[in-house]
1. Being more than 15 Å from the chain's Cα centre (by Cα) and in a helix (DSSP H, G or I) is the filter here, so list the residues in region 59-68 that pass it.
2. Name the residue, out of 72, 66, that is within 30 Å of residue 148 (Cβ to Cβ) and out of contact with any strand residue (DSSP E or B) (no Cβ under 8 Å at 6 or more places or on another chain).
3. Give me a count of the residues in region 100-153 that are closer than 30 Å to residue 4 by Cα and more than 12 Å from the chain's Cα centre (by Cα).
């Protein structure tokens, strides 16, 4: 294996593991019963059976397997690219995705807890969702501004 591939896999592994561990620990606090109610943000427990805004909830058990195949495809594509600049955002995306898929297998739905209701009601979300959003923006920047992705040998 090339040195670059080893570095890419190492960065991916630690980023995925870190996001997964952080997200699962946050979720365990809410599964264990902790709640907070504020003026603009409530920290509550919700099991989301779908994806964003509960879309595709009608797929039931199939959803987690479809997502698992998609995430494995993303992982394979990042390895195929072999570009180190995609390691951290790819790890953020995969760590959040694996954590949410893990929830589907263990809890029957994604554990969500942050509910914004100041001025308007927003979807309930979690730390993994935020990491996935950050990763998507980061990857889009890398794609539209290739100068940020220095070619390494």
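The values are calculated or read from the model by the stated rules, or taken from the named source; none is laboratory data. Predicted, not measured: the structure shown is a model, and the values here were computed from it. Every residue, glycine among them, receives a Cβ derived from its backbone with ideal geometry; neighbour counts consider all protein chains shown.
1. Residues of region 59-68 that are more than 15 Å from the chain's Cα centre (by Cα), as a first pass: 59-63, 65-66.
Result: 59, 62, 63, 65, 66.
2. Of 72, 66, the one residue that is within 30 Å of residue 148 (Cβ to Cβ) and out of contact with any strand residue (DSSP E or B) (no Cβ under 8 Å at 6 or more places or on another chain) is 72.
3. Initial filter on region 100-153 (closer than 30 Å to residue 4 by Cα): 100-102, 127-153.
From what's left, more than 12 Å from the chain's Cα centre (by Cα): 137-153.
Number satisfying all stated conditions: 17.
A quick yes/no check of all residues on (1) in contact with a helix residue (DSSP H, G or I) (Cβ under 6 Å, 6 or more places away or on another chain); (2) more than 24 Å from residue 17 (Cβ to Cβ); (3) at pLDDT 95 or above; (4) not in a helix (DSSP H, G or I):
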residue: 77; (1), (2), (3), (4): no, no, no, no
residue: 102; (1), (2), (3), (4): no, no, yes, no
residue: 113; (1), (2), (3), (4): yes, no, yes, yes
residue: 120; (1), (2), (3), (4): no, yes, no, yes
residue: 128; (1), (2), (3), (4): yes, no, yes, no
residue: 139; (1), (2), (3), (4): yes, no, no, no
residue: 143; (1), (2), (3), (4): no, yes, no, no
